[in-house]
Amino acid sequence: MDNEETIKLDQFLKLMCVVQTGGEAKMLIQNGDVRVNGSVEVRRGRKLVMGDRITTMGENYVVEEAE
């Protein structure tokens, strides 16, 4: 895949209904409560690509291709 689609971490959290607003996403991320591929991520603008694994609030999510 040459031109991989990306989604920002805060947008992904809203899409997965982990949070309701961007402000909630910001707080969750800045508090160090979100891991991307096993590492704490504090940048809400972090670009995720297919296959990235996100863990937060005891739940695991995988970035998958949109249908």
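Read-outs throughout are calculated quantities, based only on the coordinates presented, and are distinct from any laboratory measurement. Keep in mind the model is a prediction, meaning the values are calculated, not measured. Glycine also receives a Cβ, built like all others from the backbone with ideal geometry; neighbour counts cover every protein chain displayed.
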**Study point:** Cα-projected label distance for MET27 with ARG53, points at 7 Å along beta-carbon direction, nm
**Key:** 2.9 nm
Check your understanding: Applying the Karplus parametrisation 6.51 cos²θ - 1.76 cosθ + 1.60 with θ = phi - 60° to the phi angles of the range 15-26, what ³J(HN,Hα) value in whole Hz is obtained for each residue in order, glycine and proline being reported as x?
Key -> 4, 7, 6, 6, 10, 9, 10, x, x, 5, 4, 4
**Study point:** Per-residue HN-Hα couplings for the range 32-41 [Karplus 6.51, -1.76, 1.60; θ = phi - 60°; Hz; x = Gly/Pro]
**Key:** x, 8, 10, 10, 10, 6, x, 10, 4, 10
Check your understanding: Measuring from the lowest to the highest alpha carbon on each principal axis, how far does the chain reach, largest first, in angstroms?
Key -> 34, 23, 19
Revision key, fill the gap. Sorted by chain and number, the residues with a modelled amide H under 5 Å from that of LEU48, at a separation of 5 or more or across chains, are ILE7, LYS8, LEU9
